[in-house]
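Visitor: Have a look at the structure that comes next, please.
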Amino acid sequence: MILLENANKIVEETLKDKLSAKNLEKPSSVDLICADFDGVTWHVYTSSGNKKEINVSILVKCFPELQKYGANEILSKHYGAYKTDTENGYSVTLKINLEAFKDKLDVASEIALLKTRLYSAPFNHIFDTIEKGGKVDTAFGINFRDISGEKVFFKTADDRVLVIFTINFKDPDDIVIGKVFLSEFRKSVSGAPSVDFVQREPPRELSGQNIKADGFVTFVLFKRHFEAKNRVLTVNTLQTFRNYLHYHIKCAKSHLHTRMRNRVDNLLKILNRAKQKLPTEKKTAQGRTFNRKPGAGETAGPGGRGGPVKRGGPLRGKK
């Protein structure tokens, strides 16, 4: 299994290139728009009239929901020095002075984690709530992916945190493969969160809410999973679960198609070997049919072909 990277690689590589000393000698302009998972859009562009200033904007559809659970505090904590006026049509805009951060390539990695840190807001909110002795009896949901209507719900239960993903599939084949894949998550692994998967009907933790989805995946997190030393890893891994699932479903389908094509090729080879070679007539350059004359020890057979000589030698006619 492959865990997907949390940072946006395109944004990170672009900023590293701009922060290099070679670029600062002769700075060049940039205007890049790229997509990310969960319908997120990035815009990296040079400030007008100043090629040594780079603006990075991000559009997160569920940003108003994330603000309710501490997204603004996260921005101030990690990106307070970069915040600037928000570009029209985007959620957040950061400004980087290339001269001030010359050769500090770790800045590029920090900026590329902007989406991950924004999406961590509801996770940190509920983890902090349970650590302070509070509880969340009614599950609240964040519309992480508005395109497909998939949500992530959060709820506490005693000393545990429940994170419930709703899963939707466009392709009917994905439902079958996804069911097999998600069933493997039910297996108990020492130290890992317990996982449950149900289809169609929502789990009892979401009873009373009108939710329709192809499947529901519930992660049960214990205190050891969200304590300080493990929290970042837990949050970063969980928020990419939906993308991780669909990525591996596509990989499984690609592998099945490859095996099917290889099997067809093997069957065609078997059929080709079973074909009989039919006799073909040989013709001379003038278009006449060529009949091979019998050589020594052969007699002319049917059709003018040479055949083996019978014992006792050839029959001789009377003179």
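Visitor: Is it possible to state the helix-based mean residue ellipticity at 222 nm for the chain, with each DSSP H run of 4+ residues giving -39500 (n - 2.57), the sum divided by total residues, to the nearest 500 deg cm²/dmol? What is it? If you can, show how the numbers build up before the last one.
Guide: Numbers: 11 runs with 114 residues, N = 319.
The helix contribution divided over the chain gives -10500 deg cm²/dmol.
Visitor: Based on the alpha-carbon gyration tensor of the stretch 209-254 and its eigenvalue square roots a ≥ b ≥ c, which shape applies: rounded if a/c is under 1.5, prolate if not and a/b is larger than b/c, or oblate? All intermediate terms of the calculation are to be shown ahead of the outcome.
Guide: On the way: a/c = 3.32, a/b = 1.41, b/c = 2.35.
Taking the square roots of the gyration eigenvalues as a ≥ b ≥ c, the stretch 209-254 is oblate.
Visitor: For the stretch 32-86, compute the number of Lys pairs whose alpha carbons are separated by less than 22 Å, excluding pairs fewer than 8 positions apart on the same chain. Each step should come with its number before you reach the end.
Guide: Working: 51/83; 52/83; 61/77; 61/83; 68/77; 68/83.
Summing the qualifying lysine pairs gives 6.
Visitor: Step by step: find N for the stretch 1-151, compute 2.2 N^0.38 Å, then divide the Cα radius of gyration by it. What's the final number?
Guide: Here the Cα radius of gyration is 1.14 times the empirical estimate.
Visitor: Summing Lys, Arg as +1 and Asp, Glu as -1, what charge do residues with Cβ under 13 Å from the Cβ of residue 142 carry, residue 142 excluded?
Guide: Here the charged neighbours net out to +2.
Visitor: While we're looking at this one, here's another question. Please express the Cα-Cα pair-distance distribution P(r) of the stretch 40-91 as a list of whole percents, one per 5 Å bin, running from 0 to the bin with the greatest distance.
Guide: Percent of pairs per bin, in order: 5, 17, 24, 28, 16, 7, 3, 1.
Visitor: Points 7 angstrom from Cα along the Cβ direction at residue 230 and residue 83: gap in nanometres?
Guide: Placing both labels 7 Å beyond Cα along the Cβ direction yields 3.3 nm.
Visitor: Quantify, in whole percent, the carbon and sulfur part of the accessible surface of the chain (1.4 Å probe; protein heavy atoms only).
Guide: On the way: 10400 of 20110 Å².
Carbon and sulfur: 52 percent of the exposed surface of the chain.
Visitor: Amide H to amide H, which residues 5 or more places from residue 145 or on other chains are under 5 Å from it, using H placed in the peptide plane?
Guide: Under 5 Å from the amide H of residue 145 lie the amide H atoms of 150, each far enough along the sequence or on another chain.
Visitor: Of 22, 135, 51, which is the most mobile in a GNM of the chain whose springs link Cα atoms less than 10 angstrom apart?
Guide: 22
Visitor: Helix 121-131 sits at what angle to the longest principal axis of the chain, using alpha carbons and giving 0 to 90 degrees rounded to 10?
Guide: For helix 121-131, the angle is close to 60 degrees.
Visitor: Sticking with this structure for a sec: For an R0 of 35 angstrom, estimate the FRET efficiency from the Cβ-Cβ distance between residue 2 and residue 24 and round to the nearest 0.05. Each step should come with its number before you reach the end.
Guide: On the way: r = 36 Å, r/R0 = 1.02.
Calculated value: 0.45.
Visitor: Nearest 20 debye, what's the magnitude of the dipole of the stretch 1-137 about its Cα centre given +1 on Lys and Arg Cβ and -1 on Asp and Glu Cβ?
Guide: Numbers: 18 positive and 20 negative charges, 49 e Å.
Dipole size: approximately 240 debye.
Visitor: Hey, what do the phi angles of the stretch 11-27 turn into as Karplus ³J(HN,Hα) couplings, whole Hz, using 6.51/-1.76/1.60 and θ = phi - 60°, x for Gly and Pro?
Guide: Here the 3J(HN,Hα) series is 5, 4, 5, 5, 5, 4, 5, 6, 7, 5, 5, 4, 6, 5, 5, 9, x Hz.
Visitor: Separate question: Which is farthest toward the positive dipole end of the chain among 251, 114, 45, measuring Cα position about the Cα centre, with Cβ charges +1 (Lys, Arg) and -1 (Asp, Glu)?
Guide: Of the listed residues, the answer is 251.
Visitor: Keeping all protein chains in the complex and leaving out DNA, RNA and ligands, what accessible area do you get for residue 31 with a 1.4 Å probe, in Å² to the nearest 10?
Guide: Accessible area of residue 31: about 120 Å².
Visitor: Also: Ranked by accessible surface with a 1.4 Å probe, highest first, in what order do 62, 251 come?
Guide: Working: 62 0, 251 60 Å².
Descending order: 251, 62.
Visitor: Moving on. Stokes-Einstein D for the stretch 1-43 at 4 °C, 1.567 mPa s, Kirkwood Rh over Cα pairs, in µm²/s?
Guide: Details: Rh = 12.1 Å.
The diffusion coefficient I find is 107 µm²/s.
Visitor: May I ask you to evaluate 6.51 cos²θ - 1.76 cosθ + 1.60, the Karplus curve with θ = phi - 60°, for each residue of the stretch 212-217 and list the ³J(HN,Hα) values in order in whole Hz, giving x for glycine and proline?
Guide: Couplings: 10, 7, 6, x, 9, 10 Hz.
Visitor: So who's got an amide H within less than 5 Å of the one on residue 169, skipping anything under 5 residues away but keeping other chains? H placed 1.01 Å off N, in plane.
Guide: Residues meeting the amide H criterion: 214.
Visitor: With the Cα gyration tensor of the chain in hand, give its eigenvalues times 5 under a square root as the equivalent ellipsoid semi-axes, listed largest first in whole angstrom. Before the final figure, lay out the partial values.
Guide: Working: eigenvalues 959, 209, 53 Å².
For the chain, the semi-axes come out at 69, 32, 16 Å.
Visitor: Give me the count of lysine pairs in the stretch 129-188 whose alpha carbons sit under 20 angstrom apart, restricted to pairs 8 or more positions apart or on different chains. Could you put the intermediate results ahead of the total?
Guide: Numbers: 132/155; 135/155; 151/170; 151/179; 170/179; 179/187.
Close lysine pairs under the 20 Å cut-off: 6.
Visitor: What is the dipole size for the chain, taken about its Cα centre, with +1 at each Lys and Arg Cβ and -1 at each Asp and Glu Cβ, in debye to the nearest 20?
Guide: On the way: 54 positive and 36 negative charges, 840 e Å.
About 4040 debye.
Visitor: Just grab the label-to-label distance for residue 76 and residue 254, each label 7 Å out from Cα along the Cβ direction, in nm (one decimal).
Guide: 4.4 nm
Visitor: Here is a follow-up. Looking at the stretch 1-55, which GluC sites (Glu not before Pro) are DSSP coil and have at most 14 other C-beta atoms within 10 Å of their C-beta? If you can, show how the numbers build up before the last one.
Guide: Details: sites: 5, 12, 13, 25, 53; in loops: 5.
Those satisfying the criteria are 5.
Visitor: Also, I was wondering about something else. What accessible area, in Å² to the nearest ten, does a 1.4 Å probe give for residue 257?
Guide: Rounded to the nearest 10, that gives 90 Å².
Visitor: Moving on. Relative to the present Cα-Cα distance, how much length would full extension add between residue 159 and residue 95 at 0.36 nm per residue of separation? Can you show the working numbers first?
Guide: Details: separation 64, 0.36 × 64 = 23.04 nm, distance 4.12 nm.
Here the segment from residue 159 to residue 95 would lengthen by 18.9 nm.
Visitor: Under 14 Å Cα-Cα from residue 102, which aspartates and glutamates qualify once same-chain neighbours fewer than 8 residues away are excluded?
Guide: Hits, sequence-local ones excluded: 17, 25, 53.
The values are calculated or read from the model by the stated rules, or taken from the named source; none is laboratory data. These numbers were taken from a predicted model, which means no experiment stands behind them. Note: ideal-geometry Cβ built from the backbone for every residue, glycine included; neighbour counts use all protein chains shown. The area values use the complete protein model at the heavy-atom level, side chains included, leaving out ligands, DNA and RNA. Shrake-Rupley method; radii C 1.70, N 1.55, O 1.52, S 1.80 Å.
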